[in-house]
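A.B. asks: Take a look at this one; I'll ask things after.
Every number in this text was worked out from the coordinates using simple rules, so none of it is lab data. This structure is a prediction, so every number in the text was calculated from the model and none was measured. Reconstructed Cβ throughout: ideal geometry from the backbone, glycine too, with neighbour counts over all protein chains shown.
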2 protein chains.
Amino acid sequence: MRDAFHEQLQHLTDRMVEMANLVEVAVREGTGALLEADARRAERVIAADAQIDRLQSLVEERTFEQLALQQPVASDLRALVAALRMVADLERMGDLAEHVAKIARMRYPECAIPAELHDTIAEMGSVAERMVHKVAQTVASSDVTQAVDLVSEDDQMDRLRRSLFHIVLDKDWSHGVEAAIDIALLGRYYERIADHAVSMARRVIYLVTGDVPVRSS
Amino acid sequence: MRDAFHEQLQHLTDRMVEMANLVEVAVREGTGALLEADARRAERVIAADAQIDRLQSLVEERTFEQLALQQPVASDLRALVAALRMVADLERMGDLAEHVAKIARMRYPECAIPAELHDTIAEMGSVAERMVHKVAQTVASSDVTQAVDLVSEDDQMDRLRRSLFHIVLDKDWSHGVEAAIDIALLGRYYERIADHAVSMARRVIYLVTGDVPVRSS
């Protein structure tokens with residue numbers, strides 16, 4: 001039987017999963033807008049970020065209420081503190097997906113992504129989207145295997161980012177400085193989305209196993 | 001007369017100020033290493049980040065203990081939750097200063113910064129350093145005037161970042177794609193240091209006045 005506190009905790013978890021689902025959509029649609037040079041799709045991603053921010057505020061308020069009213073200890077306290085951090089990660093991931101969409105909008109009607117980088121960016125978008133999807137499942141199920149799995153996906157993102165730079169810095173690069181800067185910043189945004197997903201996975205591992213997660217720099 | 005809890009809170013505040021002081025040094029020395037192409041100075045910044053991370057862990061542990069043992073409510077609870085967030089901001093600012101130093105190290109013995117950008121990067125470094133300095137004072141003194149002042153410094157950082165892009169995207173840019181990417185990423189790192197300083201200032205304003213700070217995206 002669940003008491004009122006654990007019902008509230010479940011409610012907070014549900015809102016976090018909802019946030020993660022919205023971030024997943026933002027990453028997919030932001031990447032789509034970028035690759036298709038679709039300004040309307042970009043606008044939708046940018047507008048949708050407000051809902052992610054609202055959910056963060058909601059979870060923060062409720063977490064705060066539970067801390068003040070229930071005075072939880074041990075694992076319950078850890079779960080609430082972890083919730084505060086995870087919604088901060090999710091809010092930031094939403095902003096990063098919005099930054100991706102803003103580059104699409106800024107270059108419209110041109111496409112920010114030269115043809116030879118299309119596949120690499122598409123793959124970075126897919127990896128990021130998959131990592132956010134796994135984070136949602138991990139948070140929903142407290143599944144540590146999934147969380148550990150996520151950490152390895154991050155290596156793939158690093159590899160993609162290196163190959164991105166390899167292409168941009170090649171002597172045959174013909175798209176100029178502006179495109180190169182867009183690509184460098186996009187690489188950074190996707191990398192940061194992945195970093196936040198890993199950081200969330202580590203928090204879940206900590207909550208479930210009590211092992212202190214290794215901090216990445 | 002101060003009770004044990006408020007002594008602990010003061011201790012946490014002192015550690016945060018100590019972290020902010022270390023971040024200030026990291027920003028100054030990272031920028032110096034970058035402008036002077038000084039690899040040893042860059043190494044010192046990179047090595048020093050571990051101490052910032054250690055202080056974050058310490059503040060997190062102590063905050064957690066206080067939450068569990070003292071079961072604080074109202075403003076005391078808010079102060080502890082704010083401490084968790086502010087040390088996360090400071091840890092991230094330390095990482096960003098480290099990223100600046102890593103670009104200096106990567107390009108050594110060359111200088112990553114072409115002569116015509118020297119002044120703009122130096123100014124971005126100064127603005128970032130000053131913002132971190134003010135954050136330390138703001139946290140130490142809960143001075144809202146200082147915090148409000150900090151928010152306006154951020155406009156200056158935005159202006160500097162735009163002028164950076166203006167130079168890099170000029171048709172007379174002669175330093176190639178790699179240097180342009182370094183500059184774009186450096187611009188982003190300084191901008192993010194400023195964002196975190198503003199976010200900390202808003203938390204102090206909230207703690208002192210109870211006004212919900214406006215969130216930046």
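A.B. asks: Angle, helix A:176-209 long axis vs. longest principal axis of chain A, Cα atoms, 0 to 90°, nearest 10?
C.D. replies: Between helix and principal axis, roughly 20 degrees.
A.B. asks: Report, in debye and to the nearest 20, how large the dipole of chain A comes out about its Cα centre when Lys and Arg carry +1 and Asp and Glu carry -1 on their Cβ.
C.D. replies: In total the dipole reaches around 260 debye.
A.B. asks: Next up: What order do you get for B:89, A:95, B:143, B:158 when you list them from fewest to most C-beta neighbours inside 10 Å?
C.D. replies: The most exposed by this proxy come first: B:158, B:143, A:95, B:89.
A.B. asks: In whole Å and largest first, what semi-axes does the C-alpha gyration tensor of region B:4-209 yield when each eigenvalue is scaled by 5 and square-rooted?
C.D. replies: With the √(5λ) rule applied to region B:4-209, the semi-axes are 35, 18, 11 Å.
A.B. asks: Listing A:120, B:138, B:145 from the residue with the fewest other Cβ atoms within 10 Å to the one with the most, what is the order?
C.D. replies: B:145, A:120, B:138
A.B. asks: Right, another one. Between residue B:3 and residue B:156, what length in nm is gained on full extension when 0.36 nm per residue of separation is reduced by their alpha carbon distance?
C.D. replies: 50.9 nm
A.B. asks: Ok, one more. Report, to the nearest 10°, how far helix A:118-141 tilts away from the longest principal axis of the Cα atoms in chain A, using its own Cα long axis and a range of 0 to 90°.
C.D. replies: For helix A:118-141, the angle is close to 0 degrees.
A.B. asks: Right, next: For a quick size check, give me the Cα extents of region B:1-49 along its three principal axes, largest first, whole Å.
C.D. replies: Principal-axis extents of the Cα atoms in region B:1-49, largest first: 51, 15, 8 Å.
A.B. asks: With runs of 4+ DSSP H residues as the only contributors, calculate the mean residue ellipticity of the protein assembly as shown at 222 nm using -39,500 (n - 2.57) per run, divided by the residue total and rounded to the nearest 500.
C.D. replies: Per the formula, -30500 deg cm²/dmol.
A.B. asks: Further question on the same structure: What residue among A:122, B:124, A:139 has its Cα farthest toward the positive end of the dipole of the protein assembly as shown, where the charges are +1 on Lys, Arg and -1 on Asp, Glu, each on the Cβ?
C.D. replies: A:139
A.B. asks: Between residue B:110 and residue A:209, what FRET efficiency comes out of the Förster formula 1/(1 + (r/R0)^6) with R0 = 51 Å and r the beta carbon distance, rounded to 0.05?
C.D. replies: Efficiency computed from Cβ-Cβ geometry: 0.65.
A.B. asks: Tell me the label-point distance for the pair residue B:58, residue A:58, using the 7 Å Cα-to-Cβ offset, in nm and rounded to one decimal.
C.D. replies: For residue B:58 paired with residue A:58, the spin-label model returns 4.0 nm.
A.B. asks: Another question, then. Any lysines with Cα under 22 Å of the residue A:171 Cα? List them, leaving off those in the same chain fewer than 8 positions away.
C.D. replies: Output for residue A:171: B:171.
A.B. asks: Where in region B:83-120 is the amide nitrogen less than 16 Å from a point lying 7 Å along the Cα-to-Cβ axis of residue B:172?
C.D. replies: The answer is B:114-120.
A.B. asks: If you build the convex hull over the alpha carbons only and average its shadow over all orientations, what do you get for the protein assembly as shown? Give it in nm² to one decimal.
C.D. replies: That works out to 20.5 nm², a quarter of the Cα hull's surface.
A.B. asks: Which value in nm describes the separation of the simple spin-label points at residue B:163 and residue B:126, placed 7 Å from the Cα toward the beta carbon?
C.D. replies: 1.0 nm
A.B. asks: Further, regarding this structure: Starting from a Cα-only point model with no solvent, please compute log10 I(q)/I(0) by Debye for region B:116-217 at q = 0.17 1/Å.
C.D. replies: -0.74
A.B. asks: Mind checking the mean number of beta-carbon atoms from other chains within 10 Å of the Cβ atoms in A:170-178? It would help to have the intermediate numbers written out before the result.
C.D. replies: Details: counts 1, 2, 0, 2, 0, 1, 5, 14, 5.
Taking the mean over all residues of the peptide, I get 3.
A.B. asks: Could you pull out the GluC sites (Glu not before Pro) across region B:73-151 that fall in loop regions by DSSP (anything but H, G, I, E, B) with no more than 12 other Cβ atoms inside 10 Å? Could you put the intermediate results ahead of the total?
C.D. replies: Values: sites: B:91, B:98, B:110, B:116, B:123, B:129; in loops: B:110.
In loop regions of region B:73-151 (DSSP not H, G, I, E or B), the sparsely surrounded GluC sites (Glu not before Pro) are B:110.
A.B. asks: For region A:51-94, how big is the tail of P(r) above 17 Å, as a whole percent of Cα pairs?
C.D. replies: Considering region A:51-94, 30 percent of its Cα-Cα pairs are separated by more than 17 Å.
A.B. asks: Which angle between 0 and 90 degrees, to the nearest 10, do you get for helix B:144-168 versus the longest principal axis of chain B when only C-alpha atoms count?
C.D. replies: So the inclination is approximately 20 degrees.
A.B. asks: About its Cα centre, how strong a charge dipole does the protein assembly as shown have in debye, to the nearest 20, once Lys and Arg get +1 and Asp and Glu get -1 at the Cβ?
C.D. replies: Dipole of the protein assembly as shown, to the nearest 20 debye: 240 debye.
A.B. asks: Ranking A:87, B:25, A:100 by Cβ neighbours within 10 Å, fewest first, what do you get?
C.D. replies: Ordered from fewest to most neighbouring Cβ atoms within 10 Å, A:87, B:25, A:100 come out as B:25, A:87, A:100.
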